[in-house]
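Accompanying notes for the structure given below.
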Amino acid sequence: MFKFWKKKPKPEETPVPATLATQTSLAEALSAAADNAQLSEIATLPEAGAVASAPAEFAAVEPAAPAAVEPVPAAVTPPPLPPLEEETPPAAETSAPARRSWRERLSGSAFARSLGTLFSRKPKLDEDLLEELETALITADVGISASTELVESLRKRLNRREFADADQLLAALRQALIALVQPIAQPLVMATQHKPFVVLMVGVNGVGKTTTIGKLARRYQQQGLDVMLAAGDTFRAAAVEQLKTWGERNRVPVVSQGSGSDAASVIFDALQSARSKNLDLLIADTAGRLHTQTGLMDELGKIRRVLGKIDAGAPHEVLLVIDGTTGQNAINQVRQFRAAIGVTGLVVTKLDGTAKGGVIFALAKEFGLPVRFVGLGESLDDLREFDATAFVDGLLPGAIGA
Ligand SMILES: Nc1nc2c(ncn2[C@@H]2O[C@H](COP(=O)(O)OP(=O)(O)OP(=O)(O)O)[C@@H](O)[C@H]2O)c(=O)[nH]1
Ligand SMILES: [Mg+2]
């Protein structure tokens with residue numbers, strides 16, 4: 001067993017040397033994993049036949065040594081799913097289960113409210129309107145650079161008398177906003193040659209990583225994929241339990257070790273297990289972390305190095321989860337996580353509620369990173385693939401006076 005996996009080094013005193021993990025041979029790493037696997041707990045499904053009679057049993061603990069694991073046949077049909085219970089379903093949602101529109105979800109944002117107010121008073125086409133518009137965009141987190149650029153291009157067109165009325169200016173703003181975010185509306189495509197496809201969720205504390213994992217697990221399972229989760233947030237015991245609950249709810253196996261164990265080790269074990277079972281998708285949770293927590297940020301690099309011993313391309317997707325209410329700090333978060341592990345896609349959560357709504361435009365302007373999903377609420381249906389047109393139309397008034 002590897003000591004460096006078990007011991008959490010204090011970064012200030014004993015930083016993990018960058019070469020430590022890479023010096024380990026594959027054979028050593030695998031035997032270490034077999035060792036670690038004894039310590040890992042895999043909450044998994046009962047046998048298919050037992051599912052109907054005992055749907056809530058997830059207590060089976062199974063050694064993860066590959067030889068002892070029966071591979072899941074590729075064509076296996078997932079067992080029928082129980083009705084999904086939301087963690088804390090808001091009263092309105094329990095009585096109105098219908099999928100809500102983007103506009104319903106986004107209408108409370110500062111973006112939608114201020115633009116709605118601005119255009120509802122049938123404004124005159126003049127410099128005052130452009131200035132108010134610029135202020136509204138900046139205040140709604142669109143960011144100074146993107147807001148200035150948007151308004152400048154409208155100003156040029158206004159001066160060329162391209163707009164007969166405010167309706168036409170609004171239509172031009174809509175087109176410009178869509179054009180800004182259309183390039184980043186790129187859904188997550190899982191290349192089938194990666195089996196399992198490994199998704200690593202990262203982000204600062206409380207942004208919605210674990211909740212999003214639960215929703216993604218359910219989504220992909222419904223698409224017929226065999227999914228496994230790795231409880232890589234070993235920082236808090238409650239985090240492991242939270243993920244296990246999602247696993248039980250979705251009937252998806254969850255690989256975990258005790259809290260305080262090494263995150264890289266847990267995720268390594270999970271990848272080995274998912275591989276031996278021929279599963280399609282492994283989604284790994286991680287603890288929330290700030291860039292100031294050097295040890296935790298370094299841990300991300302270690303996770304990548306260790307996974308690379310099994311599959312050089314893993315993780316195939318690093319999803320940075322951003323809380324949509326964060327404002328311009330989102331820009332710093334992307335910079336920091338990019339530097340620590342590399343980020344291939346974003347999930348922007350909590351765009352409902354108190355989010356100002358504009359942060360995705362700022363992110364698009366600054367980085368151009370794909371936004372895979374957005375969270376428009378706490379229910380399962382509220383995790384949507386990012387749709388540029390639906391998003392912009394949800395934020396803007398439908399027409400002047402609307
Ligand atoms: N309104 C709203 N709430 C959300 C959304 N996504 C997540 N949440 C809530 O955000 C809270 C935090 O979610 P978690 O999934 O625990 O966040 P986390 O990033 O895993 O947190 P840590 O593990 O502590 O870093 C929970 O109450 C979620 O229900 C969303 O799109 N909209
Ligand atoms: Mg979490």
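The values are calculated or read from the model by the stated rules, or taken from the named source; none is laboratory data. Here the structure is a predicted model, which is why all the values come from computation and not from measurement. As a convention, Cβ positions derive from the backbone with ideal geometry for all residues, glycine included, and neighbour counts pool all protein chains shown.
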Worksheet entry | residue 342 touching a residue at least 24 places away in the same chain (Cβ under 8 Å), assigned to a loop (DSSP other than H, G, I, E, B) and more than 24 Å from residue 306 (Cβ to Cβ) | no
Practice prompt. Mind listing just one residue for me: the one in segment 347-364 that is within 14 Å of ligand 1 (Cβ to nearest atom) and of a type in the set (A, V, I, L, M) and, of those, farthest from residue 151 (Cα to Cα)?
Written response: 347
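Could you tell me which of the residues 233, 269 is in contact (Cβ under 8 Å) with a residue 12 or more places away in the chain, away from ligand 1 (no atom under 16 Å from the Cβ) and among the acidic types (Asp, Glu)?
Criteria check complete, one pass: 269.
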Worksheet item: So residue 198 fits all but one of (1) in contact with a His (Cβ under 7 Å, 6 or more places away or on another chain); (2) within 29 Å of residue 112 (Cβ to Cβ); what number is the exception?
Response: (2)
Practice prompt. Within segment 266-294, track down each residue that is surrounded by fewer than 23 Cβ atoms within 10 Å (Cβ to Cβ) and in a helix (DSSP H, G or I).
Written response: 275, 276, 294
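To keep it simple, each residue is scored yes or no on (1) within 16 Å of ligand 1 (Cβ to nearest atom); (2) in contact (Cβ under 8 Å) with a residue 12 or more places away in the chain.
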| position | (1), (2) |
| --- | --- |
| 183 | no, yes |
| 186 | no, yes |
| 192 | no, no |
| 195 | no, yes |
| 205 | yes, yes |
| 214 | yes, yes |
| 220 | no, yes |
| 224 | no, yes |
Worksheet item: Is it the case that residue 344 is within 16 Å of ligand 1 (Cβ to nearest atom) and in the same structural domain as residue 376 (by TED's automatic domain parsing)?
Response: no
Fill in: Restricting segment 334-372 to residues that are within 20 Å of residue 199 (Cα to Cα), of a type outside the set (A, V, I, L, M) and within 16 Å of ligand 2 (Cβ to nearest atom), the residue that is surrounded by the most Cβ atoms within 10 Å (Cβ to Cβ)
349
